[in-house]
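Asker: Below is one structure. I have some questions about it.
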Amino acid sequence: MLNFQIFIPTRIVFGPGKIAELGSLPLPKGKKAMVVIGESGAMIKNGYLDKVQAALAKQDVSTVVFDNISPNPQSDQVDEAAKTAREKEIDFIVALGGGSTIDAAKAIALLTTNVGRCWDYMQSGSGGGINPENPAAPLIAIPTTAGTGTEADQWAVISKSGGIEKISLGNDSTFPAISIVDPELMVSVPPRMTAYTGMDAFFHAVETFLSTAHQPMSDMLALEAVHLSSHYLPMAIAEGDNIEARTVMAWSSTAAGMCETLSRCISQHSLEHALSAKYPELPHGLGLAKLSVPYFKRLIPESPERFEDLAMAMGYDTQQFDENMRATVFLEGLRSLLERAGFNEESLKDYGAKEEDVAELVDIAEQTMGKLFEFTPAEMSREDLECIMSEAIAG
């Protein structure tokens, strides 16, 4: 029986050149904004920060810039930025950058209006389990990569400073008020980062389609994102200035981000968060890619029809195969996509991953992101999880 909710309150302004509309869009109330950017300096170098500040100035909004967000945002960075936002009496937050920057900005927005530290509000692991008393400050999200879909959901993934935990937090108030998705801002993303973020979008779609929490709207958007990513990600990697490929991948990311709200990711993400918590330099998309084949081959017996649907979304004619083999066509399509996206030449070992860490990595996954196992459409034993992790590290 159908039983679901649909709630995505974000105004999404999508299309090439849409950043220009920031100067005329109805903004959140107030005249002081904090612009959050990453530590790499790319937003300054590419001129994107100047564009955003100029657009806000047209609406008489003054800005404070916080430029200390790492690729895997740390809880101390969130605490530092929120302290500044409170001291400066900031009215709303503007996130300019990739998924890490936007995730950090969501947490900063929540801490701007509440007391305490970021980790106090984490609901698992060593988090304090506190429920925030006040809604987050309003947020405008301007993604410059196509992958996380965080512009269309309420979730923020943060790593514990000095620890090995990487956990998500969020509530209805951490949805962006406005998200401007302009593919022209993504043209500057290097090929490997394009690959990492694009595979993140692909797996968001795959996981939410397989999730026990899936529903009709998430199914529709997930299959759309799987289809588009399969066909356009290799093009976006090879032809970074191809605005059609960038636009399609931007929509794939946003659609998959909606799926994270309408459905839920499953334990592939739990396992990867353990990897990139233990090895902070590891790109999230690379971790997902290496886990994917050993992970999904163990799920196929439990959801053969849905895996066949995914294979068809990737463009494969499953009817030419024996009925008992149709679901496995997805794995062949996945292997082909990973090869075309350049993942066969990369290894988790390059980021410090070791076979002797497998048991600890599984512990981290279960203790910090254990909730996602509840939405996984198959029971996985401890042996299964250790085998998946071991195969990912060996591959």
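The values are calculated or read from the model by the stated rules, or taken from the named source; none is laboratory data. On a predicted model such as this, the values are computed, not experimentally measured, just so you know. Note that we place each Cβ from the backbone using ideal geometry, even for glycine, and neighbour counts take in every protein chain shown. For the accessible areas, the whole protein counts, side chains as well, though only heavy atoms, and no ligand, DNA or RNA atoms are used. Shrake-Rupley method; radii C 1.70, N 1.55, O 1.52, S 1.80 Å.
Asker: Considering the zone a paramagnetic label at ASN46 would reach in this model (a point 7 Å from Cα along the Cα-to-Cβ line), which residues of the stretch 219-247 have amide N under 15 Å from it?
Answerer: Only 236-237, 239-247 pass the distance filter.
Asker: Kindly count the pairs of lysines across the stretch 272-395 whose alpha carbons are less than 20 Å apart, treating pairs on different chains or eight or more residues apart as eligible. All intermediate terms of the calculation are to be shown ahead of the outcome.
Answerer: Working: LYS278/LYS290; LYS278/LYS349; LYS278/LYS354; LYS278/LYS371; LYS290/LYS349; LYS290/LYS354.
Summing the qualifying lysine pairs gives 6.
Asker: Counting only protein heavy atoms and a 1.4 Å probe, tell me what percentage of the stretch 49-199's accessible area is made up of carbon and sulfur. The partial results should precede the final answer.
Answerer: Numbers: 2640 of 5230 Å².
C and S atoms contribute 50 percent here.
Asker: Show me the ranking of peptides 165-174, 58-67, 143-152 by mean Cβ neighbours inside 10 Å, starting with the highest. Can you show the working numbers first?
Answerer: Numbers: 165-174: 20.8, 58-67: 15.2, 143-152: 29.4.
Descending mean neighbour count gives 143-152, 165-174, 58-67.
Asker: Rounded to the nearest whole Å², what accessible area per residue is found for the stretch 252-395 with the 1.4 Å probe?
Answerer: Working: 5840 Å² over 144 residues.
With the other protein chains kept in place, the stretch 252-395 gives 41 Å² per residue.
Asker: Could you calculate the FRET efficiency of ALA57 with GLU356 from 1/(1 + (r/R0)^6), where r is the beta carbon distance between them and R0 is 41 Å, rounded to 0.05?
Answerer: Values: r = 54 Å, r/R0 = 1.32.
That gives a FRET efficiency of 0.15.
Asker: Another question, then. Calculate the FRET efficiency for ASN242 and GLU305 from the Cβ-Cβ distance with a Förster distance of 41 Å, rounded to the nearest 0.05. Before the final figure, lay out the partial values.
Answerer: On the way: r = 35 Å, r/R0 = 0.85.
Efficiency computed from Cβ-Cβ geometry: 0.75.
Asker: Same structure, new question: Using only the alpha-carbon atoms, how far is helix 99-112 inclined from the longest principal axis of the chain? Give it as 0 to 90 degrees, nearest 10.
Answerer: 50
Asker: Test of understanding: what is the full-extension gain from ASP172 to ILE130, defined as 0.36 nm times their sequence separation minus their Cα-Cα distance? Show your work: numbers first, answer last.
Answerer: Numbers: separation 42, 0.36 × 42 = 15.12 nm, distance 1.55 nm.
Full extension of this stretch gives 13.6 nm more.
Asker: Right, something else. Helix 358-368 versus the longest principal axis of the chain: what is the Cα-based angle in degrees, 0 to 90, to the nearest 10?
Answerer: Relative to the chain, helix 358-368 is tipped by roughly 50 degrees.
Asker: Sticking with this one: Given H placed on each backbone N at 1.01 Å, which residues far from VAL94 in sequence or on other chains put an amide H within less than 5 Å of it?
Answerer: Amide H neighbours of VAL94, under 5 Å, 5+ apart: MET34, VAL35, VAL36, ILE140.
Asker: What do you get for GluC sites (Glu not before Pro) in the stretch 85-150 restricted to DSSP loop and a cutoff of at most 16 other Cβ within 10 Å of the site's Cβ?
Answerer: Numbers: sites: GLU87, GLU89, GLU133; in loops: GLU89, GLU133.
Answer in residue order: GLU89, GLU133.
Asker: With charges set only on the Cβ (+1 for Lys and Arg, -1 for Asp and Glu), what does the dipole of the stretch 352-395 come to about its Cα centre, in debye to the nearest 20? Provide the component values of the computation, followed by the final result.
Answerer: Values: 3 positive and 12 negative charges, 38 e Å.
Once rounded to the nearest 20, the dipole reads 180 debye.
Asker: Roughly how big is the chain's charge dipole about its Cα centre, with Cβ charges of +1 (Lys, Arg) and -1 (Asp, Glu), in debye to the nearest 20? Mind showing how you got there, number by number?
Answerer: Values: 30 positive and 54 negative charges, 257 e Å.
It comes to approximately 1240 debye.
Asker: Okay, moving on. Compute and list, largest first, the equivalent-ellipsoid semi-axes of the stretch 34-158 from the alpha carbon gyration tensor, each √(5λ) rounded to a whole angstrom. Write out the running numbers ahead of the final one.
Answerer: Values: eigenvalues 106, 54, 30 Å².
Semi-axes, largest first: 23, 16, 12 Å.
Asker: Which distance in nm do the two modelled labels at VAL64 and PHE4 give, with both placed 7 Å along the Cα-to-Cβ direction?
Answerer: In this crude label model, VAL64 to PHE4 measures out at 4.2 nm.
Asker: Between ALA238, ALA256, ALA222, where does the largest GNM mean-square fluctuation fall for the chain, given springs only between Cα atoms within less than 10 Å?
Answerer: Highest fluctuation of the listed residues: ALA238.
Asker: Give me a comma-separated list of calculated 3J(HN,Hα) values for the stretch 138-151, in order, Karplus coefficients 6.51, -1.76, 1.60 applied at θ = phi - 60°, integers in Hz, x for any Gly or Pro.
Answerer: x, 10, 10, 9, 10, x, 10, 10, 10, x, 6, x, 5, 5
Asker: With everything on Cα atoms, drop me the angle between helix 304-313 and the longest principal axis of the chain, reported from 0 to 90° to the nearest 10.
Answerer: Between helix and principal axis, roughly 60 degrees.
Asker: So what's the back-of-envelope 222 nm ellipticity for the chain, counting only DSSP H runs of four-plus at -39500 (n - 2.57) apiece and dividing by all residues, rounded to 500?
Answerer: -14500 deg cm²/dmol
Asker: Quick check: Cα centre of the stretch 245-299 to Cα centre of the stretch 43-89, how many Å?
Answerer: If we compute the Cα centre of each part, the gap is 27 Å.
Asker: Follow-up. Starting from the Cα of MET235, step 7 Å along the direction of its Cβ; do the same at ASN324; then give the gap between the two resulting points in nm.
Answerer: Modelled inter-label distance: 3.9 nm.
Asker: What is the Cα centroid distance between the stretch 139-175 and the stretch 109-129, reported in whole angstrom?
Answerer: About 13 Å separates the Cα centre of the stretch 139-175 from the one of the stretch 109-129.
Asker: Additional query: Which aspartates and glutamates does LYS45 reach when only Cα atoms under 17 Å apart count, and residues fewer than 8 places away in its own chain are ignored?
Answerer: Result set, ordered by chain and number: ASP67, GLU184.
Asker: In Å², what does the accessible area per residue of the stretch 12-107 work out to with a 1.4 Å probe?
Answerer: Values: 4100 Å² over 96 residues.
Counting only protein heavy atoms, the per-residue value for the stretch 12-107 is 43 Å².
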